[in-house]
1. To the nearest Å, what is the center-to-center distance of segment 158-178 and segment 137-151, using C-alpha atoms only?
2. In what sequence, highest mean first, do 203-211, 235-243, 173-181 appear when ranked by Cβ atoms within 10 angstrom?
Amino acid sequence: MNRRPLLLAAALACVGGAAALAAPAAAQAEEGGGDPADLETRLQVCTPGDALSWLQQGNDRFVQAWAAARAAVDPAQRMQRLARLWQNNCQIDPLALAEGQRPFAAVLACADSRVDPGWLFACGSGELFQVRSAGNTAFAEAVASLDYAVGLLTIPLVVVLGHSDCGAVKAALGHELLTPSLEELLAPIRAGLPAGDDLTLAVQANVRRVAGDLSRRSDLLAAAVAAGRLQIVGAYADIASGRVTLL
Ligand SMILES: [Zn+2]
C-alpha cells in the first residue's frame, strides 16, 4: 500500500534531478547524506517496523553528519558538511505539500530548541507529525493531536522523545517553586521520577511513563496498538552525539 501517493509522484519527479547533483554514494555516507533514490521507499512506508527502520536510518545519517561537523575546524567546512544532510531533505515538491500531508511517523518531543525531530531523524517537511512540549509532557492537547495523527493520517508509529540535559526534567528534580502553569507541567514528571537525582535516569523514566500512558489515555491509540497498526516507542536523544536510542 502506498500511503503517500501525492508526495511520491512529486518525489519521483525530483529524484532524477537530485541524483544528478548527488555525490558518489561512499562520499555521501561519509558526510551523512543519504541516497536520494531511497525516498521512493520511504514514502511507501506502511508498517510500524518500516517507519521505525526509516527513523533509525535517518538518525544514522544525522549522527554521521553531526560527527563530521564536530570534527571540522572552520565554520565554512562545518556548514558544508551539514548542508549535505539538509540538501538530502529537500526533495519534496512544495506543490505536493500544498495538496496534503502523509507523514510516516509521529514524534512527541521536548520543546528544547536543540531537539528538532526533523533534524535528528534527517527528515524533511511532510515526513514527521510533530507534537512538542517541555519535558515531552502529554497533556490532553498532545493526546488529541496524536489521535488525529493515528486516526486520520493513519500514522503507524509514535515516538516519545526525551533527551540529555532536559531543563524540564531538571526542574522536576529540583524543589524551587515555579509559575502555576509550569508546576502543572512538572507535576506528572515529578510523580514518575525514580529514586535519586540522576538526570539521565529521570528523563528516561519520564519517557517510558509518557509512552505507556498514551494508550491508557486514548481508546483510539489503544485499539490501533491492539490491532498491530500502531507502535508506540520511547527514545532518548543524546545532544552531544545526536544519537537517538530506543528505550
Ligand atoms: Zn527537554
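Every number here is computed from the coordinates shown, using simple stated rules; none is lab data. Predicted model only: the values in this text are computed from it and were never measured. FYI the Cβ positions are ideal-geometry reconstructions off the backbone, even for glycines, and counts take in every protein chain you see.
1. 20
2. 203-211, 235-243, 173-181
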